[in-house]
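The values are calculated or read from the model by the stated rules, or taken from the named source; none is laboratory data. Predicted, not measured: the structure shown is a model, and the values here were computed from it. Methodologically, a virtual Cβ is constructed for each residue, glycine included, from the backbone with ideal geometry; neighbour enumeration extends over all protein chains shown.
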Amino acid sequence: MTEFLLATAGVILFTVAVGLVRILGGPGDADRLMAAQLIGTGGIGALLLISAATGAHGVEDVALGLALLAAFASAAFVNSAAPAEAPDPADGR
Amino acid sequence: MSLVVDLFSIVAIGAGVFFFLAGTVGLLRFPDPLSRLHALTKADNLGLGLVVLGLLPRSESLLAALKLVAIWALVQLAGATAAQLVGRAARRKGTAL
Amino acid sequence: MSVLQALDIGLAFLVFAVAAWTIFAPGAFAATVGYVVYGLLLSLVWIRLFAVDVALTEAAIGSGVTGVLLIGAAARLRAAEAAGSERSLSGPSRLLVAVLCVLVAVALAGVVLLLPDQGPSLAPQSMQHLPETGLGNPVTAVLIAYRAFDTMLEKVVLVLAVVGVWSLAADRYWGGAPGEVRAERPEPTLAFLAQILAPLGILVGIHVFWVGADAPGGAFQGGAILAAMWIIVMMARLTEAPQTNAFWLRLAIVAGPLVFLVAGVAGAIFAGGFFAYPPGLAKPAILFIETFMVLSIAVILPMLVAGPPRREPRQ
Amino acid sequence: MTSATLAGLVGAALVGLGLYGLIATPQPLRKILAFNLMGSGVFLVFGIVARKGAAAGLQADPVPQSMVITGIVVAFAASALAVALVLRLFEAAGQVTLNPDAWTKPPGDGAQPE
């Protein structure tokens, strides 16, 4: 069972790595930010699987911390990139 | 009993890995940022949810199990809002239109 | 080769590849996102080294709070990058630098390979005296008891960093509120996120601080999570950044090191040594100090991310 | 090879990468990134010292771990100050380049003094 948990963690990390190759390169900043989102979800999944397999204690709190902060990169980007003078047409404002 | 638990974990985590794979395939294949965002935030969140489901019966205590569920819920929230925020930013820039 | 070894090797390659991306990426923004990804991968590596306390710190500070700081800066500096007035190194000197850096890395790798399998360790000593502190987590004991002086001075470094950042304000803004993390206009999605995230995050932050006495966690990690919650609430404009001349803010910033220092001096008077805790009262004393440290960290980190004052002070 | 040694080798490589970035990349913000990368490489090398000091029933020596935690916080404080300096320079001067030629132009007139 331990091997199964580790192997699935490996497969998830591999898919994350393949995804990173695709989106870190862009073309747009939106794609790049998805990299932060991808590693957030996949990294937490791999983290939980590895800790279940190796028996490291207290790892749930690490995953909890990462989950809390998963949207921060996107939030910071939107905050600093939104031009003040151009309202979003989708807002109807 | 432990065989049943193991089997449950294997099925759930295996399904979770499948959705992670599906999300990455979507990232690779979809043509524009908005649909890539869709693939990423939907498939991967479902994948993590199934992984969490598979790990639940293996957790040491009730608190640890509750934390696992909370982790998934928080990632759902982060995925949903980040998809909205990034999608809107992409759209504002006109890359998707 | 076992599955675990294969996983470790894969993780090592991934960390290295993402690190290389942050150095060689075509633009500063791409590099910065790479750095955020890298920070998260590092917490995985720390888990594999069984240093869960470090993984927690890396997750909260290395990835989360630093991510906000750097991504915000990269987005603002885009115009500077577009100006393109940078002068890159010429080819030959670039090659020379690369050779030098490879040499440094190889030398360091050699040292790593030559390390004895069982190195010198302070683990037995730190476990031996653990009962006297009343704590169960040796890392917390090192931070707050055995090497308390280090930790107190590190808090002083944080205070000095805040003073440094605030000093960059234009004269007319001195004492006013910082503006870097504030959105140009309120974003409803962000407000929704902050409203749900902040209460949960405050709970998690206090939990991480509280279990730190006996399990992985502690004042740094808990304080950093609380700090992140204040940052997201300010980003969503649910609350405005405080005036930097506010007395409560300045008090909260210095409270951690101040209480720590007073406790250290009290130890010299009552317990027979600088930063000594009286027998039997060690755990309450440590928790008391840690509470103020959490407060200071939770206030200092958002102020560092928020940057220098950018608005004129209200009277 | 143990996972600790592997992490140490990654740390060594990160120090090399970070050092290269610090010297060879021209933009200040990316120098800050590179410096942080170098720092985390040093932390990792120190982390394997902690792992090799596993004793007394602990999986890693707590003293290096605590010092790495302190180091991460101090590195963040230094980066925040550096980022604030760069942003302030950009705000005040409209550019942040380290290229001295870009600063010697007299304002308003684009002619390059020799």
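Within segment C:14-35, which residues are more than 9 Å from chain D (Cβ to nearest Cβ) and within 17 Å of D:GLY41 (Cβ to Cβ)?
Filtering segment C:14-35 down to residues more than 9 Å from chain D (Cβ to nearest Cβ) leaves C:14, C:17-18, C:21, C:26-27, C:29-30, C:33.
C:LEU14, C:ALA17, C:VAL18, C:TRP21 - these are the residues of segment C:14-35 that are more than 9 Å from chain D (Cβ to nearest Cβ) and within 17 Å of D:GLY41 (Cβ to Cβ).
Of the residues C:LEU77, C:LEU69, C:LEU49, C:LEU115, which is under 23 Å from C:PRO302 (Cβ atoms), facing chain D (nearest Cβ under 7 Å) and at pLDDT below 85?
Working: C:LEU69 fails: at pLDDT below 85; C:LEU49 fails: under 23 Å from C:PRO302 (Cβ atoms); C:LEU115 fails: under 23 Å from C:PRO302 (Cβ atoms).
C:LEU77 is the lone residue from the list that is under 23 Å from C:PRO302 (Cβ atoms), facing chain D (nearest Cβ under 7 Å) and at pLDDT below 85.
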Can you find a residue in segment B:54-71 that is at the interface with chain A (Cβ under 7 Å from one of its Cβ atoms), assigned to a helix (DSSP H, G or I), of a type outside the set (Ser, Thr, Tyr) and farther than 30 Å from C:ALA194 by Cα? yes
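Output the residue which, of all residues in segment C:77-98 that are touching a residue at least 24 places away in the same chain (Cβ under 8 Å) and in a helix (DSSP H, G or I), is surrounded by the most Cβ atoms within 10 Å (Cβ to Cβ). Full working, then the answer.
Filtering segment C:77-98 for residues touching a residue at least 24 places away in the same chain (Cβ under 8 Å) gives C:77-78, C:81.
Still in the running and in a helix (DSSP H, G or I): C:78, C:81.
On the way: C:ARG78: 14, C:GLU81: 18.
For segment C:77-98, the residue satisfying everything is C:GLU81.
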Answer with yes or no whether C:THR66 is polar (S, T, N, Q), closer than 24 Å to D:ILE23 by Cβ and within 19 Å of the chain's Cα centre (by Cα). yes
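From the list B:ASP6, B:ASP32, B:ASP44, exactly one residue is surrounded by fewer than 16 Cβ atoms within 10 Å (Cβ to Cβ) and within 7 Å of another protein chain (Cβ to nearest Cβ). Which is it?
Details: B:ASP32 fails: within 7 Å of another protein chain (Cβ to nearest Cβ); B:ASP44 fails: surrounded by fewer than 16 Cβ atoms within 10 Å (Cβ to Cβ).
Of B:ASP6, B:ASP32, B:ASP44, the one residue that is surrounded by fewer than 16 Cβ atoms within 10 Å (Cβ to Cβ) and within 7 Å of another protein chain (Cβ to nearest Cβ) is B:ASP6.
When segment C:286-309 is examined, which residues are found to be over 22 Å from C:GLY205 (Cβ atoms) and out of contact with any Pro (no Cβ under 6 Å at 6 or more places or on another chain)? Let's see the steps before the verdict.
Keep residues of segment C:286-309 that are over 22 Å from C:GLY205 (Cβ atoms), which gives C:307-309.
C:PRO308, the sole residue that qualifies.
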Restricting attention to segment C:293-302, does a residue exist that is free of Cβ contacts under 8 Å to residues at least 40 places away in the same chain and either touching a Phe, Trp or Tyr at 6+ places or on another chain (Cβ under 8 Å) or in a helix (DSSP H, G or I) (or both)? no
Please go through segment B:23-36 and give me each residue that is touching a residue at least 24 places away in the same chain (Cβ under 8 Å) and over 15 Å from A:GLY25 (Cα atoms), ordered by number. B:GLY23, B:LEU34
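Restrict the check to segment C:198-205 and report whether at least one residue is assigned by TED's automatic domain parsing to the domain that holds C:ALA298, in contact (Cβ under 8 Å) with a residue 60 or more places away in the chain and in contact with a Gly (Cβ under 7 Å, 6 or more places away or on another chain). Reasoning before the result, please.
Start the filter on segment C:198-205 by keeping residues that are assigned by TED's automatic domain parsing to the domain that holds C:ALA298, which leaves C:198-205.
Those left that are additionally in contact (Cβ under 8 Å) with a residue 60 or more places away in the chain: C:205.
Next, from what is left, pick out any that are in contact with a Gly (Cβ under 7 Å, 6 or more places away or on another chain): C:205.
Yes, some residue in segment C:198-205 is assigned by TED's automatic domain parsing to the domain that holds C:ALA298, in contact (Cβ under 8 Å) with a residue 60 or more places away in the chain and in contact with a Gly (Cβ under 7 Å, 6 or more places away or on another chain).
Can you report the number of residues in segment C:123-142 which are within 9 Å of another protein chain (Cβ to nearest Cβ), assigned to a helix (DSSP H, G or I) and more than 16 Å from C:GLY267 (Cβ to Cβ)? Spell out how you get there, then give the answer.
At the first step, the residues of segment C:123-142 found to be within 9 Å of another protein chain (Cβ to nearest Cβ) are C:123-128, C:137-142.
Within this subset, residues satisfying the condition of being assigned to a helix (DSSP H, G or I) are C:123-128, C:138-142.
Going one step further and asking which of them are more than 16 Å from C:GLY267 (Cβ to Cβ), we end up with C:123-128, C:138-140, C:142.
The number of residues fulfilling the criteria is 10.
Looking at C:ALA73, C:ALA17, C:ALA55, C:ALA51, which one is surrounded by fewer than 24 Cβ atoms within 10 Å (Cβ to Cβ) and not assigned by TED's automatic domain parsing to the domain that holds C:PRO216?
On the way: C:ALA73 fails: surrounded by fewer than 24 Cβ atoms within 10 Å (Cβ to Cβ); C:ALA55 fails: surrounded by fewer than 24 Cβ atoms within 10 Å (Cβ to Cβ); C:ALA51 fails: surrounded by fewer than 24 Cβ atoms within 10 Å (Cβ to Cβ).
On inspection, the qualifying residue turns out to be C:ALA17.
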Does B:ALA89 meet the test of being more than 9 Å from every other protein chain (Cβ to nearest Cβ), buried (at least 18 other Cβ atoms within 10 Å of the Cβ) and part of a helix (DSSP H, G or I)? no
Show me the helices (runs of 4 or more DSSP H) found entirely inside segment D:1-102 where at least 2 residues are closer than 19 Å to C:ARG147 by Cα, within 7 Å of another protein chain (Cβ to nearest Cβ) and within 14 Å of the chain's Cα centre (by Cα). D:62-93
Determine if segment C:217-229 includes at least one residue that is surrounded by 16 or more Cβ atoms within 10 Å (Cβ to Cβ), within 13 Å of another protein chain (Cβ to nearest Cβ), touching a His at 6+ places or on another chain (Cβ under 9 Å) and part of a loop (DSSP other than H, G, I, E, B). yes
Which residues, taken from segment C:146-176, are among the hydroxyl-bearing types (Ser, Thr, Tyr) and in a helix (DSSP H, G or I)? C:TYR146, C:THR151, C:TYR173
Scanning for something buried (at least 17 other Cβ atoms within 10 Å of the Cβ) and within 23 Å of the chain's Cα centre (by Cα), does segment C:263-284 turn up at least one residue? no
